[in-house]
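The values are calculated or read from the model by the stated rules, or taken from the named source; none is laboratory data. Keep in mind that this is a model prediction, so the values were computed, not measured. Neighbour counts run over all protein chains shown; Cβ positions are idealised from the backbone, glycine included.
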Amino acid sequence: MSNINEPLQEEITQDLTNSSRRGFLKTSLAVGLAAASGAFALNMASPGTAEAASRQLPQKWDDSTEVLIIGTGFAGCSAAAQAAKDGAKVLIVDKMRTYGGNSIINGGVYASSGDKYNYRQKYNLGDDSVDQHFKDFLKGGDNYSIPALAKVVAEGATDCLNWMIDEGGAVIRPALLKTGGHTAYRTHPAGSGSVYVNALKKIAEKHGAKYKLASEVTWIWRANADPKSPVLGVEIKRGNKKENIKVKNGIVIASGGFSRDAKMRAAHYPYLAGDDWNCTNHPGATGEMIRYAEAIGADSLQMCFIQLYPYADPDTGILDSPALYPFNGPGNGIVYVTNQGKRFISELARRDHVSFAQIALGPKGKPTYTIFSDEMIEKLGGTRKEVDAGLKHGRFIVADTIAELAKKIGMPSDALVDTIEKHNRYLAEGKDPEFGKQISKAMTPMVTGPFYAVPQWPAIHHCMGGLRINENAQVIDVFGNVIPKLYAAGEVTGGVHGSNRLGSNAIPDCVVFGRVAGRNVAKEKA
Amino acid sequence: MKTHLHQKAAKSIFLFNIIMIFLFSQTLWAAPKTTQSNAKAGDCAACHDKTKVLPEKHVDTKKMNWETCKTCHTKDKHNLAGKLPGSHFHQLSEVSCIDCHGKTATPEALIMEQCVACHGSTSKLAEKTKDVHPTNPHTSPHYGTELDCNLCHRQHTKSEIYCTQCHKKFNFKVK
């Protein structure tokens, strides 16, 4: 896209007018910094690269704020909401001309062991607990998670969901799902991540947070690597102009993952290098903020763990509404089949296992399919409107019988009929001898049509690794010390999910840690 | 001796390249030599000077505006959608550079509110286009009706379809 960073002149004028009311503060800043003129800035970027050119700390600052948040997705908006509520002056920026990044095009599924509606008890869907959710985090990521971080999310998830509903007006769907790798029904569908982003933005703006789009952070200022040396501010590019913004309380990096950063992907996980892979992400999902943080001493970890979403649109790789049904439905009895009509894995398997099981089928294995029935639609958090739209766009295929469905797809109908009949029997007997799937009563056998199929294939989706943080969302440097006044939350951080993130654990990660960061950065003394 | 000849050859090749780049860039796109913010609607030459911006045999547009253009350019015949930068549709409709950017030597990008001020609310617009195929271009589950107009309706370059970054089949006819 051309010209995504055209400056928003009216907004800049507005903000400078507002800040001139604090003009006396700016003057005293300028005086104070003139005294320290000529100081070099910390820059640990690799020698020989453009970023490694030596930089001088700004002699004067063009603007200042108390809290600066980089990124307007779930984590950024959550941090903005909490910091603003706690009385800090918040400026939240995004390099793109739209807000919400990946979060606003996200599927909107949120895992928590409870919710204010008590859906699990209401629908008789069994037990769950914070501890069980925490254990699933660790197991789902092969114990690569930092337990203290996973614990923060498991403990805070329910509260944060209720917060978005009560204070942000978020409306979630009246369904509760069991999805890959989870041992309980705890995934809450909302239809789209925009529900949560807008709820958090509403809270943030209500308490005075200011959003500025088309504003790209191009450096983080820090004087040196001394553990007492805090981050001082950022350099921001708007259109063709660069400004330096002084930050009094601190910075929260909430810039998301790097699935669209081909160089970074190739560096950490060569298997995913190159153009052959589709990707679910928006074009802004690149890793420059990780590099800028590393250049001032931040540690990063587990950058090699990059997740494939198993059920993306096979042509474009996008995660549209139809691509959510394969993820939402395992707890309701949907079935995954090869294009020859046979099951190939437990539908409750975690994402990395499902992705690699498909890839192991070889190039002729593309695409595989999810089969579901009409009566499952609302129970798995879908809507008639979505299904109709999906049919109109040719994403869903529908037929009155399984045999007809197979014919429409071009799949051997005997095989598919046999597979579904066997699966129905497994549901009745409470046992899956083929793949050991845990059967539950909420799984509906497929007896009455119409029946639907949606094609699917893995696409690059989520980065489990990133900046190292502690339970307070503070960024840790390569020596193990907190970098004063620097926080990070959401997909840009590493160590929460280990080697593989369970679906619907991302939004709670972002909102819980965003809130922790917001609370802590608001408390910082200038 | 050889070095001297080499240097002379290198210099002339260099000069030749510069001239070629200069000549080529003039025809790369019909960028105006100046912007005359008080030019009359159809007076192309006021900004484009002697550069030919209209096809051969096109009528003289100096005294025309969008209403008169429409006598030949309809939705079905010689449709101009996507063929001119958006700013030209404004200029032809007698909305000049100054009317949006104000009197300034350094015009900046506009904000969406300025478009809405004349073109009406985005929710009404979404209502108007609800039957467009394959989907309503003015609303989405992601951004509702509040996506910045300029993300698609570019004024000083060719318009784009923002959705097609992900939704490859959303090939709307965008003005």
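Tell me the residue from A:Val511, A:Val447 that is in the same structural domain as A:Met289 (by TED's automatic domain parsing) and outside any strand (DSSP E or B), please. Of the residues listed, the single one that is in the same structural domain as A:Met289 (by TED's automatic domain parsing) and outside any strand (DSSP E or B) is A:Val511.
Annotation note: of A:Gly362, A:Gly333, the sole residue that is at positive phi and touching a helix residue (DSSP H, G or I) at 6+ places or on another chain (Cβ under 7 Å) is A:Gly333.
Residues of the range B:120-130 that are within 14 Å of B:Glu146 (Cβ to Cβ) and either touching a Lys or Arg at 6+ places or on another chain (Cβ under 7 Å) or in a helix (DSSP H, G or I) (or both): B:Thr122, B:Ser123, B:Lys124, B:Leu125, B:Ala126. Every test in (1) more than 14 Å from chain B (Cβ to nearest Cβ); (2) under 29 Å from A:Leu213 (Cβ atoms); (3) buried (at least 24 other Cβ atoms within 10 Å of the Cβ); (4) under 19 Å from the mean Cα position of the chain (by Cα) is passed by A:Pro310 save one, and that test is (2).
Would you please name the residue that is farthest from the other protein chains (Cβ to nearest Cβ), looking only at residues in the range A:167-205 that are touching a residue at least 60 places away in the same chain (Cβ under 8 Å) and at positive phi? Among those residues, the one meeting the criterion is A:Gly181.
One residue stands out among those in the range A:376-402 that are more than 14 Å from chain B (Cβ to nearest Cβ) and surrounded by fewer than 16 Cβ atoms within 10 Å (Cβ to Cβ): the one that is nearest to A:Leu177 (Cα to Cα), which is A:Glu378. Considered as a group, the residues in the range B:79-95 that are of a type in the set (S, T, N, Q) and more than 8 Å from the chain's Cα centre (by Cα) include one that is nearest to B:Ala39 (Cα to Cα), and that residue is B:Gln91. Starting from the range B:157-175, take each residue that is touching a residue at least 60 places away in the same chain (Cβ under 8 Å) and list its partners that are outside any loop (DSSP other than H, G, I, E, B), counting only C-beta distances under 8 angstrom and pairs at least six apart or across chains. Cβ pairs passing all conditions: B:Ser159/B:Gly86; B:Lys175/B:Gly86; B:Lys175/B:Phe89. Return yes or no: is A:Thr370 within 14 Å of chain B (Cβ to nearest Cβ) and of a type in the set (Ser, Thr, Tyr)? Spelling it out, it is not the case that A:Thr370 is within 14 Å of chain B (Cβ to nearest Cβ) and of a type in the set (Ser, Thr, Tyr). Against the definition (in contact with a helix residue (DSSP H, G or I) (Cβ under 8 Å, 6 or more places away or on another chain), part of a loop (DSSP other than H, G, I, E, B) and more than 27 Å from B:Ala117 (Cα to Cα)), how does B:Thr71 come out, yes or no? Criteria not met by B:Thr71. Looking only at the range B:70-119, residues that are more than 22 Å from B:Val59 (Cα to Cα), surrounded by 15 or more Cβ atoms within 10 Å (Cβ to Cβ) and within 14 Å of chain A (Cβ to nearest Cβ) come to 10 in all.
Taking the criterion of being over 30 Å from A:Gly331 (Cβ atoms), modelled with pLDDT of 95 or more, surrounded by 24 or more Cβ atoms within 10 Å (Cβ to Cβ) and touching a Gly at 6+ places or on another chain (Cβ under 8 Å), would at least one residue in the range A:502-518 satisfy it? Looking through the range A:502-518, none of the residues is over 30 Å from A:Gly331 (Cβ atoms), modelled with pLDDT of 95 or more, surrounded by 24 or more Cβ atoms within 10 Å (Cβ to Cβ) and touching a Gly at 6+ places or on another chain (Cβ under 8 Å).
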